[in-house]
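The values are calculated or read from the model by the stated rules, or taken from the named source; none is laboratory data. Note that the structure is a prediction, hence the values are computed from the model and not measured. We place every Cβ from the backbone using ideal geometry, glycine too, and count neighbours over all the protein chains shown.
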Amino acid sequence: MEDNNILLKPEDSRLIDIVLKEATYNSRKYFDSLTPHEKKYFYDIIYELKTHGYSDKLNLIWEADYEIIPPTVDEFLWDDYYLGKINSDPENGLYDFWADLIKYTVDPSNNIVEVIVLAARGSGKNTFAIQRMAYRLAHLLCLRDPARYYGLQIDTSLVLFFYNVDLMKAFDVGYNRFEKLLKRSPFFSQFLLRTKSPTAVVLPKSIEIKMGSQFFHGLSEAIYDCSLDEANFGKGSTSKEESQVMKNYRSVREGANSRFMRPGGIVSAQLCLTSSKRGESDALTRHAEASKSIPTTLVVDDVPLWKVKTKRAHKVISFYSGKTFRVAVGNQYRESRVLEDNEPDPVGMQVVKIPIEHYNSFRNPNTINEALQDIANVSTYGYGKLIKNRDKVRLAVKNCPIPQFFNTEQIILDFDNPTQKLQDYLNVNALKDWIDKNKFITCSVHFDVGLTGDKFGVGVSYISGRKLVSRFDQTTGYETHHEEYVYSVLLMAGISPLAGKQIPFWKIVTFFVWLRDELGLSIGIVSSDLGHSMAAMLLQTFKQNGFNTRKLSLDKTDVGYLTIRELYDEERILHPHHSLFLDELFNLEHDEKNRKVDHPETGSKDVADGVVGSIYNFIDAKELVDSYYEPTSIDEKEERHLMRELERKAKEEEIDKDIDFGFNRHTL
């Protein structure tokens, strides 16, 4: 009742309107929610500040919750009592770009719950993340009872959490740097409790600093602040791993939101993700793009190195001359490259102007994408992909002398139709003519077995010649020259079953027996990964029908695929155009950490496995290593072919004349 009788004079209201306009962009929402008594108290504070420069009533409010009045952001960053001595260092001090961002990020009126910073390497983004967290820690330490202030249970510990996929990096880049920062600050030093460990940080008021490499390390914690460094999850991470990490990260974010949500939708917790840009489709880039429309998420992603290195500790840095050169950023069809001075911008390509001081970092075509990511902070096509230089693959197609002998890439076999054959999809006459002219070659076959709904990938390759290859010897510093084989792909296919049915393996065995016996194709070896029982049965059936067989896995290590990549780089591989194969090859992901090659979540590598395995057999299989033979005359070719026919017939006498499939086709 008494509150209702408290009225503000018109001039009092005008003063409050002016303050609100300056402080909160003309918003009266919070002020209008106050009771009349609270409004009067607010006016008294404003009046005292305006008249005397201080307010006893405001100090009483602070003292109710705070032991120490917390510093402003400028005081915290530049006053020697806090971080001033560290940040004012002319060589290693804080860039003004990050100081301004810290000021905006920690301002409660902006209600920033998540900060995503994608910035160039060496720009100081980690310093931003650590000092942002340090300011928020200072706020906690100034409170009388942080848990009570945020409405948590009395025995709840507020956690500042450092995350990195590499636990040692979580310590070195996050925890360790944070600990050193605190110990160099007079303000923080007064709060650090003594401990026997030289690296442990022990704080009062149930405030804890933790680190981890898995998000479940912090799922049950009251995370007040979380810093994720290099949130693209490390070099070599696959899209599957990234997606899982982002899923776990969102769980931590939702947990922080629920614990620290205050009246009016204000969330006091804050999460900060920092990284340099990588691929156009990596998990963090997708997350940043999707988060730009969220009011409580701040995305800062246009941060090349030269944008940051302009002012440090309020002093201008004279590093860049203003001269630039241009780089065309690669896409699915063209590679990244430095443009000539008078060359027009290529149509359909992003062009970036780079300060001339960084020119040397962009000269090498093999590392230009890394320079775009690390210096210009530009996402590039194909980050984390196995194939770095797609032009070499296209050259292999362009220089291939043989056509694609299959009439179509869409090969579908019906398990229950005995009259349908794999040969039906083949240009038989063209293949027979080619075999007749190349009877001296020996082929290698590799297949990747698929069951219901998957493709059966198969590749057939041979050694097509020799080539002189130059290599740089890093030990001696000299260039060496070697005569090496060139490998060509004769056949490649992705075979699908009819919808709802399994692959008719017996038709595939029949096809290769027909290639060998009817067309005269010499097949030196047939290989497969014995990942499941059907692959083992199929390989056994090939052996029962007179083929040399071996087990070859391309899933356990990356050796096979890295070998093929080297062949592309040295232009020692040729193959006809096959859309599915190229799509699979260009999208393969290389997990360098675990030494594996795999396809994206929504992709495949059936045909790629078939082709790569068929070529790798020549390098890895003892039976094929010395199989290449290049006759010097027509008579020698015929003699070579006749010897192979005799060898084949001798083998046929050792097995049944009828083809043995090793299993009943109706059981598959």
>> For the list (1) under 16 Å from Leu386 (Cα atoms); (2) surrounded by fewer than 23 Cβ atoms within 10 Å (Cβ to Cβ), I need the number of the one condition that Leu574 fails.
In response: (1)
>> Can you find, within the stretch 469-526, the residue that is nearest to Val458 (Cα to Cα) among those that are without any contact (Cβ under 8 Å) to a residue 60 or more places away in the chain and among the β-branched types (Val, Ile, Thr)?
In response: Thr480
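Please verify whether Glu75 is at pLDDT below 95 and of a type in the set (Asp, Glu), treating the condition exactly as stated.
no
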> Restricted to the stretch 45-67, and to residues that are β-branched (Val, Ile, Thr) and exposed (fewer than 14 other Cβ atoms within 10 Å of the Cβ), which residue is modelled with the highest pLDDT?
Replying inline: Thr51
>> Criterion first (within 27 Å of Gly384 (Cβ to Cβ), modelled with pLDDT under 90 and part of a loop (DSSP other than H, G, I, E, B)) does Glu289 satisfy it?
In response: no
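Tell me, please, whether a residue that is in a loop (DSSP other than H, G, I, E, B), surrounded by 11 or more Cβ atoms within 10 Å (Cβ to Cβ), under 42 Å from the mean Cα position of the chain (by Cα) and polar (S, T, N, Q) can be found in the stretch 454-477.
First pass over the stretch 454-477, keeping only residues in a loop (DSSP other than H, G, I, E, B): 454-455, 473-477.
Subset that is surrounded by 11 or more Cβ atoms within 10 Å (Cβ to Cβ): 454-455.
Now restrict to residues that are under 42 Å from the mean Cα position of the chain (by Cα): 454-455.
Next cut, polar (S, T, N, Q) only: none.
No; the residues of the stretch 454-477 include none that is in a loop (DSSP other than H, G, I, E, B), surrounded by 11 or more Cβ atoms within 10 Å (Cβ to Cβ), under 42 Å from the mean Cα position of the chain (by Cα) and polar (S, T, N, Q).
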> Ser533: in contact with a Gly (Cβ under 9 Å, 6 or more places away or on another chain) and more than 23 Å from Asp424 (Cα to Cα), yes or no?
Replying inline: no
>> The conditions are (1) at pLDDT below 90; (2) farther than 18 Å from Gly520 by Cα, and Lys421 fails exactly one of them. Which is it?
In response: (1)
>> Can you tell me which of (1) part of a strand (DSSP E or B); (2) modelled with pLDDT under 90; (3) not basic (Lys, Arg) is the one Ile154 doesn't meet?
In response: (1)
> Do any helices (runs of 4 or more DSSP H) entirely within the stretch 45-99 hold 2 or more residues that are in contact (Cβ under 8 Å) with a residue 12 or more places away in the chain, closer than 18 Å to Ala138 by Cα and of a type in the set (A, V, I, L, M), and if so, which?
Replying inline: 73-78
> Taking the stated definitions as given, is Val106 modelled with pLDDT of 90 or more, touching a helix residue (DSSP H, G or I) at 6+ places or on another chain (Cβ under 8 Å), under 19 Å from Tyr150 (Cα atoms) and surrounded by 14 or more Cβ atoms within 10 Å (Cβ to Cβ)?
Replying inline: yes
> Quick one: which helices (runs of 4 or more DSSP H) sit completely within the stretch 339-445 and have at least 1 residues that are under 33 Å from the mean Cα position of the chain (by Cα)?
Replying inline: 368-374, 390-398
>> Based on this model, can you work out whether Ser276 counts as at negative phi and modelled with pLDDT under 90?
In response: yes
>> Among the residues of the stretch 583-616, what is the count of those that are closer than 15 Å to His446 by Cβ and of a type in the set (Asp, Glu)?
In response: 3
